[in-house]
């Protein structure tokens, strides 16, 4: 998973670049400590590793700080309270914030013995805002329930995620050879375009591939070039793999889609292409899309029928089922599509008038989703 990769990347970067005479590992048993030591030694470090057993937390006073690769620091706060709360700091980091477990942990920050010298790192402004909102709600609950005035006492610094750039240096001969071999592996010609998607391949838990498929299919039509999509990651099951393939046939019939196991150690790098504009790093992922055209979906915006052949296949595509569950009911979608077929391009407000007032927010969202997958077209 992404958080596991992030944790491994942090340890790798820390082992290679940290200004430290030795490394300290807080582990449940010697087997886990040995795994940590082997990882560090494998990175060329000749510095000693010291094991701090999980059942001897008082020894962490010698180190001064315990870092955990997740936001779950409350259990260590209770553990520390039995010894010396000033012995060491606790530092965690957020990844996903929308799960029940993480939101419960955030709420527990208010009642656990967390101290001002502890911290939970937020990788973006959006994550910090989410944490502060959950804290605000929990404070209101504790006031209503217990009459207590609670507040967050530890720190929430914003530190963006980083990458150990040296591992992906495109200027080396190894990188150049890897690029040639990579393109040859998938039969890519000099003018062919390769698009790489890297990550866990799970449409229900990660990115749904439907917009990507539709966008790349449009790219093949506009450029007239062969486009190859490489899915570098891992599927949870053969069924999920089949569902990705089925969706590609529906939304991108001319796109060549191949998959490689992203869990295997690989080096997929190449020299920078001058015709690809650089993408500025930003502290907030939502800011990455600020420069894209944006328009308010007001009632004057006009919709028309998009690709007439997509409606039924998308309804049957397994990767669309989660979205369909959250969208407006099928009969409301049918009302919209039938109205546009009979009357031609229609304003958003007129389409929303086809349903009751309470259903309009959901229908508006559904119309945008239908436009995203190509069933409808928005006239800008």
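Each value in this text was obtained by applying a stated rule to the coordinates, not by laboratory testing. All values derive from a computational prediction rather than experimental measurement. Don't worry about glycine lacking a Cβ; one is built from the backbone with ideal geometry, like all the others, and counts go over all protein chains shown.
Remarks
- In plain terms, the residue of 301, 377, 28 with the fewest other Cβ atoms within 10 Å comes first and the most crowded comes last, giving 28, 377, 301.
- Among 78, 380, 51, a tally of other beta-carbon atoms within 10 Å of each Cβ gives an order, fewest to most, of 380, 78, 51.
- Angle between the chain longest axis and helix 173-185 axis [Cα atoms, degrees, rounded to 10]: 40
- Cα gyration tensor shape for the stretch 169-278, rounded if a/c is under 1.5, else prolate or oblate: oblate
- For the stretch 169-278, DSSP calls about 0 percent of its internal beta bridges antiparallel.
- Angle of helix 238-251 to the longest C-alpha principal axis of the chain, folded into 0 to 90 degrees and rounded to 10: 40°.
- Helix axis angle, 330-343 relative to the chain longest principal axis, alpha carbon, degrees: 40
- Rounded to 5, percent antiparallel among DSSP beta bridges of the chain: 20
- Cα gyration tensor shape for the chain, rounded if a/c is under 1.5, else prolate or oblate: oblate
- Residues 89, 171 arranged by fewest to most Cβ contacts within 10 Å: 171, 89
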